[in-house]
Structures are given as structure tokens and as C-alpha cells.
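The values are calculated or read from the model by the stated rules, or taken from the named source; none is laboratory data. Source: prediction; values computed, not measured. All Cβ positions, glycine included, derive from the backbone under ideal geometry; neighbour counts span all protein chains shown.
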Amino acid sequence: MSNSASAISVRDLWMSFPGKQSGQQIHVLERIDLDVAPGEFVCIVGPSGCGKSTLLNIIGGFLRQTRGEAIVEGKPVTGPDPRRIFVFQENGVFPWLTVRENIGFGLLAKPDAEREKIVAHYTEMVGLGGFESAYPRELSGGMRQRVEIARALAADPHIIYMDEPFGALDFITRLKMRADLVRIWQAEKKTILFVTHDIEEAVQLADRVIIMSRRPATIQQVVPVPLPRPRDLDSPGYLRTRDTIFEAMGMSLRIGESLTSTRAGTPPLPAR
Amino acid sequence: MSGDRAWLKVALPVGVAVIFLLAWDAAVRVSASEVFPRPLEVARGIGELAQKGLLVKYIVASLFRVTWGFGLAVVVGVPFGLFLGWFSLAYVAFNPMLQIFRPISPIAWIPVAILWFGITDLAPIFLIFLASVFPIALSATSAVQNMQPVYLRAAQNFGLSRLQLFRRVIFPSCLPQIITGLRIALGIAWLVVVAAEMIAVNSGLGYLIIDARNAGKRYDLVVAGMVLIGIIGLLLDLLVRRLERFDEVRWGYASR
């Protein structure tokens with residue numbers, strides 16, 4: 001696969017952390033190869049603790065890999081960059097700033113009038129009109145996550161990295177946030193690399209789903225999701241894709257069924 | 001129910017104060033003490049101080065020394081504490097020395113303060129500075145060290161310079177804990193001003209207590225000084241607490 005035009009290109013990437021005992025190494029990622037095209041929406045799924053967040057943090061420039069290359073927009077990653085904004089699982093919205101100040105955080109270099117226009121635009125886009133002067137502690141978890149997404153978009157990055165951004169939200173809010181994210185992505189034409197442990201979430205969002213194995217994680221399978229948007233969660237295509245991923249991750253869809261009866265060679269259900 | 005509660009918040013502490021005063025009065029009467037004053041005598045003592053113009057003069061003198069000593073401690077302690085919190089090597093280098101200085105009571109410094117500054121206002125100001133600078137610096141240090149890493153990473157992502165990072169993220173994220181440190185330090189500063197005035201100067205509430213004792217065993221004025229110190233301490237704490245209500249820092253405190 002030619003990667004000169006890739007937005008993100010990861011080549012033979014390895015990552016290990018020093019363990020508790022001296023000299024011991026914990027291998028987290030092994031031989032990761034990955035390409036993301038400009039404008040593509042790619043989800044990475046895998047069992048909890050497999051290293052998918054570590055991979056995203058390396059690509060985002062917050063961690064340094066042990067071996068191999070992470071190339072973003074033609075250049076090796078050396079650190080975080082305002083052209084690529086990270087949306088954090090634990091919500092990185094600044095509690096001492098209002099919604100308006102948070103969304104405008106990356107725009108300080110711009111003249112006031114322009115900044116205000118951009119902030120107003122993205123405040124509307126994420127549905128926070130009327131909350132401009134509110135502080136994060138006055139907002140729900142879902143609204144805070146919208147502030148962070150708007151703050152990322154307002155900085156006009158080429159790529160947005162999202163690390164389980166909806167993980168702490170309730171089921172209904174999560175569904176709504178996904179629908180809004182797809183709508184925004186279609187309007188803004190950003191490249192999105194999205195980490196989740198929720199298979200349904202990945203199939204609802206992504207052009208392609210990358211399945212990672214348990215630790216030390218390798219890329220186990222890449223599943224394209226050639227379904228039109230908006231996606232029908234009852235359609236045979238959706239269900240088939242979802243089941244493919246469930247099966248690849250070694251999970252049964254029938255609660256109570258013995259796990260040993262799933263396809264031989266797949267890893268067992270990860271401990272919860 | 002919430003209306004009842006607001007009413008109780010005033011009524012309960014006032015009730016406790018009244019019971020305390022009555023018990024105090026009864027205890028003095030039962031013991032038939034010639035020296036220890038009854039509450040009303042203390043109130044009359046405060047009135048007498050006001051009449052002579054000493055009440056305002058002494059309060060202002062004490063507050064003046066606290067303002068200077070505490071103000072200097074803020075100006076030195078906050079930046080130094082932030083510096084130690086941010087540069088871990090500086091923390092490794094300075095922290096043991098700070099921990100050695102910190103447990104030395106300001107009262108132990110009194111002879112040194114007199115030696116260096118004589119019987120001037122500078123001596124108590126120096127003592128108040130010493131008493132409050134350590135809690136202020138240490139609260140700023142731990143605020144930086146305990147900062148949520150996600151704020152730092154988000155800020156780095158937006159490409160802030162070091163100065164912007166400090167001004168827009170590190171300092172505001174540490175502010176709630178710094179204010180808590182200021183509150184503790186101001187309480188200590190007020191404790192120390194009284195001790196400092198007992199030796200070094202000829203005005204202030206601490207001086208009032210020692211002077212009233214030495215010049216004619218005026219225990220009504222001794223206790224008047226104590227009561228005034230307590231009430232002003234309470235007012236100072238309420239004042240600093242108001243800082244915690246600002247929107248920029250309210251997120252940092254558990255809602256109450």
C-alpha cells in the first residue's frame with residue numbers, strides 16, 4: 001500500500017515499558033503497521049488494557065515509541081502539534097474557563113472579531129448555544145465532552161485523535177454524541193482516529209475498524225465498514241459487520257453460551 | 001426545610017455563644033475571683049479602650065504588621081512554591097532544607113529578630129513572614145505536583161509557549177489550592193502577631209495583653225484583647241473564604 005498520501009502512517013512500531021523489577025520489560029505493542037487516509041474515520045478497538053490508548057498517544061506525540069516509525073502528514077512525530085488535536089478520555093476541558101473561553105483556547109493568536117466568529121460557529125455546531133458563559137462544573141458530562149470537541153474543531157486541525165471520548169457517558173448520551181460526531185465529521189472533512197473498546201460504537205462511526213489483540217497487542221484484523229451514512233442499526237449489513245468484529249475478538253453474542261464453543265484459535269473473552 | 005436550615009445556621013452558633021457567656025459569668029461568680037473578669041466587665045473594658053482611642057489604634061497596628069508580613073510571604077512564597085513544584089530537581093535540592101526550617105516555631109526566632117531588627121516594626125513583620133511563608137510555598141508546590149496531567153497535555157497540544165503555559169494553565173489550575181494555603185497561612189500569621197507584639201513593640205493587641213497585665217493587673221483588658229483577637233481572626237478567615245467563591249476557582253472545592 002502506498003503511503004506517501006497517508007495522513008497517518010505507522011511502520012513496524014514497537015512499544016515496551018520498564019516493569020517493576022529492574023531489567024524487566026513489559027511489551028505493549030508489537031509490529032504495528034497502520035495507514036489512515038486523509039479524511040478517513042478510523043476506529044481502533046481492542047480489549048481493555050491492550051495498548052490501543054498507548055498507540056494513540058504515540059501517534060499524538062505524547063509518548064515515544066521503543067522502535068519503528070509514526071509518520072503524520074509526511075513527518076515523523078516528535079511531539080504534540082496544534083494541527084492535530086487530541087480529545088481526552090478524562091475530559092481536558094479547563095474548569096477555570098467558561099465554555100466560550102475553552103472553545104477559543106487555541107485561537108489566542110487570532111484577532112478578537114475572528115476568534116469570536118469561530119467560537120460562535122463551533123458552539124452552535126456542537127449544540128451549546130446559550131451556554132457560552134457557563135463554567136464546566138455547571139454542565140453535564142456530555143456537554144463537557146462537546147466543549148472539548150468544539151475546542152478541538154475551532155483550532156482547525158487536520159486530524160483529530162479521540163481516546164474513548166464517550167466512555168464516561170450514559171448510553172443515550174453516547175448514541176446522540178456519535179450521531180453528532182458523524183454529522184460534524186461529514187461537514188468538516190477532518191481525519192479522525194478514534195479509540196474505543198465498544199464494538200457497536202466502532203461500527204456506527206468508522207470507515208474502517210482496526211482490531212487489536214490482547215497484550216502484547218498486534219493488529220489482528222482490519223474490517224472495512226462499507227455502509228452508507230446515516231447508518232441503520234437494524235440493517236443486515238450493520239449486524240453482519242458487528243458480528244464479524246465480535247467473532248474476531250473471540251466473543252459470543254449469546255449470553256450464557258460456553259465460550260469454548262466459539263471458533264477455535266480465537267483468544268478467550270478478556271477478563272472484566 | 002432549606003429555609004429552616006438558614007435560620008438554624010444563625011441561631012445555633014449564637015445559642016452556643018450565649019451559653020458560653022452565661023457559663024463563664026456563673027463560673028466567675030461561684031469562684032468569687034477577685035481578678036478574673038466577668039463578660040460584662042470585659043465589654044466595659046473594650047468600651048474604655050474605644051473611648052481612649054486605643055481600640056482602633058491597636059487593631060490597626062496589629063493588622064498593619066500582619067499585612068506586611070503576610071503580603072511579603074505571598075510575594076515570595078507563591079512564586080517560589082510554583083518553581084519548586086515545576087522543577088523537580090529544584091524540589092529535590094530545596095525541600096530538605098525547607099522541612100528543617102518549617103518546624104522551628106516563629107517564637108524561637110524572637111531573639112534573632114530583635115538582634116537583627118531591634119525593637120521596631122520590622123521584628124514582628126519578620127516573624128509573621130517566617131510563620132506564613134512556609135505553608136504558602138508548600139501549598140503552591142503541592143498544587144503544581146498534583147496538577148491533573150490532562151490539563152497539561154491539552155495545553156501542550158495547542159502549542160503554548162512556556163510563559164503562556166504557565167499563565168493560562170499551570171497558575172489557574174493551582175489557584176484553588178494556593179488560596180487554601182493562603183487561608184491556613186493567614187490564620188498562623190494572626191496567631192504569631194500577638195506573640196510577636198508581646199516582646200518587641202509598644203502597640204497592638206498583643207502589646208495590650210502584656211501591658212494590661214503588667215500595669216495594674218487589668219485582667220478585664222487582658223481578656224478584652226483575647227476576645228478582639230478571636231473575633232478579628234474569624235473576620236480574616238471569612239474574608240479569605242470569599243476568594244473561594246470566585247468562578248475561576250470554585251471548581252477546585254467540593255461543593256458545600
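Per-residue answers, yes or no, for (1) more than 10 Å from every other protein chain (Cβ to nearest Cβ); (2) under 24 Å from A:T218 (Cβ atoms); (3) under 16 Å from the mean Cα position of the chain (by Cα):
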site	(1), (2), (3)
A:E40	yes, yes, yes
A:G49	yes, yes, yes
A:I59	yes, yes, yes
A:F62	no, yes, yes
A:G68	yes, yes, no
A:I71	yes, yes, no
A:P95	no, no, no
A:E116	yes, no, no
| remark: Among residues of the stretch A:169-194 being modelled with pLDDT under 90 and part of a loop (DSSP other than H, G, I, E, B), the residue surrounded by the most Cβ atoms within 10 Å (Cβ to Cβ) is A:L169
| field | the stretch A:92-121: number of residues that are in a loop (DSSP other than H, G, I, E, B) and not aromatic (F, W, Y) | value | 10
| query | Given the conditions (1) farther than 22 Å from A:T191 by Cα; (2) of a type outside the set (D, E); (3) modelled with pLDDT of 90 or more, and given that A:A70 satisfies all but one, which numbered condition is not satisfied? | reply | (1)
| request: May I ask you to say which residue of B:L160, B:L130, B:L84 is in a helix (DSSP H, G or I) and farther than 17 Å from B:V192 by Cβ? | output: B:L84
| Any idea which residue in the stretch B:197-256 is nearest to the other protein chains (Cβ to nearest Cβ), counting only those that are within 15 Å of B:R65 (Cβ to Cβ) and not in a helix (DSSP H, G or I)? | B:G204
| note | Going through (1) more than 24 Å from the chain's Cα centre (by Cα); (2) more than 23 Å from B:P79 (Cα to Cα); (3) in contact (Cβ under 8 Å) with a residue 24 or more places away in the chain one by one, B:I170 fails only at (2)
| said: Can you report the number of residues in the stretch A:195-218 which are closer than 13 Å to A:M249 by Cβ and outside any loop (DSSP other than H, G, I, E, B)? | reply: 10
| If you check A:T78 against the conditions, is it part of a helix (DSSP H, G or I), more than 10 Å from chain B (Cβ to nearest Cβ), without any contact (Cβ under 8 Å) to a residue 60 or more places away in the chain and of a type in the set (S, T, Y)? | no
| note | Of the residues in the stretch B:230-256, those that are in contact (Cβ under 8 Å) with a residue 40 or more places away in the chain and either surrounded by 18 or more Cβ atoms within 10 Å (Cβ to Cβ) or of a type in the set (A, V, I, L, M, F, W, C) (or both) come to B:I232, B:L236, B:V240, B:L243, B:V249, B:W251, B:G252
| Condition test on B:I110, is it in contact (Cβ under 8 Å) with a residue 40 or more places away in the chain, farther than 23 Å from B:L130 by Cα, among the aliphatic types (A, V, I, L, M) and surrounded by 15 or more Cβ atoms within 10 Å (Cβ to Cβ)? | no
| query | Under 8 Å by Cβ, and 6 or more places apart or on different chains, what pairs join a residue from the stretch B:147-161 that is within 7 Å of chain A (Cβ to nearest Cβ) with one that is assigned to a loop (DSSP other than H, G, I, E, B) and charged (D, E, K, R)? | reply | B:V150/A:E90
